[in-house]
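The values are calculated or read from the model by the stated rules, or taken from the named source; none is laboratory data. Every value quoted in this text rests on a predicted model; they were computed, and no experiment measured them. Every residue, glycine among them, receives a Cβ derived from its backbone with ideal geometry; neighbour counts consider all protein chains shown. All accessible areas refer to the heavy atoms of the entire protein, side chains included, with ligands and DNA or RNA removed. Shrake-Rupley method; radii C 1.70, N 1.55, O 1.52, S 1.80 Å.
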Amino acid sequence: MSETTRNVQPVIANLGKESAGELVPSRYAVRVGDVDVVLISDGMLPLPTSTMSTNVNEADRNDWFDSRFLQRDMFDWALNIALVRSGDRLILIDSGVGDGFEYFTRAGRSVMRLESAGIDLAAITDIVITHMHMDHVGGLNVDGVKARLRPDVRIHVSAAEVEFWKAPDFSKTVMPETVPPALRKAAAKFVQLYGENIVPFHQTVQVATGVSARVTGGHTPGHSVVDIASNGEKLTFVGDAIFEVGFDNPEWQNGFEHEPEVAVDVRIALLNEAADTGALLAAAHIAFPSIGHIAKNGTGFRFVPVPWDY
Ligand SMILES: [Zn+2]
């Protein structure tokens, strides 16, 4: 990426924060049968490329980033949340990174973008948290957000995830050193703020008609994905089970994975499932709007983005 391009991005991002209108699209809507799904960008997280493949050599990792015209040291990780309407239920899936992290100033926009989409936080009946990493619960931790949500909003998190964060194990993760303390703090704050709203589930939970969550484990022991199925159509929001590098290299372990071996199995199973069923897939960290089909491609897979419908 040229220096000119790199310098322009923060300027555009800042404009988005200051003004009512934004120069870049930040939400994208699709219909899955009778269910409305809106993908919303929380922003971008600059991260070291080394976190994307902790079990392969640097040359192979460089080759992949070169092939995508990306830098070899740092890259911008997309961060998406989703909003789902099924009947009279309005369901938020994840909440973005929130504020308070000086190295993530280009993300944390979910609440602003929900508002600019005309969504009143008080209209949200349910929240599904795929896992309790700060880029998924952080938006709910922002000062003032809880007061604007319904007091009885149901927050669906797997019981295994809640249990894990009581004494989280980072022994298999490979993260920048400032990250684990920030993750612990964000998860603890989330439980402290929303303990009474959390409805823990085992294996699966039906959140609304055509909307359910299921535990996969892997990324975190209680990591879950959300299935939206209606009138023969299906979209799965896979949270952090699949990353951009994972289509070509599903066996690449990620530094943010607490159970990296399990995470590889989960990733391959979800990719095979989507390829076999033809279901749409969306994810937290695939480039916005992150909606596409999965095709098998030799030993790996290929992400086929949906054509944008304006
Ligand atoms: Zn994440």
Can you pull out the residues in the stretch 209-264 that are touching a Phe, Trp or Tyr at 6+ places or on another chain (Cβ under 6 Å) and of a type in the set (A, V, I, L, M, F, W, C)?
VAL226, VAL245, PHE247
Evaluate the stretch 177-194: report whether one residue or more is within 19 Å of SER53 (Cα to Cα) and touching a helix residue (DSSP H, G or I) at 6+ places or on another chain (Cβ under 9 Å).
yes
Residues of the stretch 40-68 classified as under 23 Å from the mean Cα position of the chain (by Cα) and open to solvent by 50 Å² or more (accessible area, probe 1.4 Å), total
5
Report the residue count in the stretch 75-124 for those that are open to solvent by less than 40 Å² (accessible area, probe 1.4 Å) and charged (D, E, K, R).
3
Looking at the stretch 206-215 only, could you name the residues that are open to solvent by 30 Å² or more (accessible area, probe 1.4 Å), within 17 Å of HIS131 (Cβ to Cβ) and either more than 17 Å from the chain's Cα centre (by Cα) or within 16 Å of the ligand (Cβ to nearest atom) (or both)?
none
Within the stretch 85-123, track down each residue that is farther than 25 Å from PHE256 by Cβ and either without any contact (Cβ under 8 Å) to a residue 40 or more places away in the chain or in contact with a Cys (Cβ under 6 Å, 6 or more places away or on another chain) (or both).
ASP88, LEU90, GLU115, GLY118, ILE119, ASP120, LEU121, ALA122, ALA123
Within the stretch 172-190, is there a residue that is in contact with a strand residue (DSSP E or B) (Cβ under 7 Å, 6 or more places away or on another chain) and either more than 16 Å from the ligand (Cβ to nearest atom) or modelled with pLDDT of 95 or more (or both)?
no
Looking at (1) within 16 Å of the ligand (Cβ to nearest atom); (2) in a strand (DSSP E or B), can you tell me which one HIS293 breaks?
(1)
From the list ILE81, ILE91, pick out the single residue that is within 16 Å of the ligand (Cβ to nearest atom) and under 20 Å from ALA284 (Cβ atoms).
ILE81
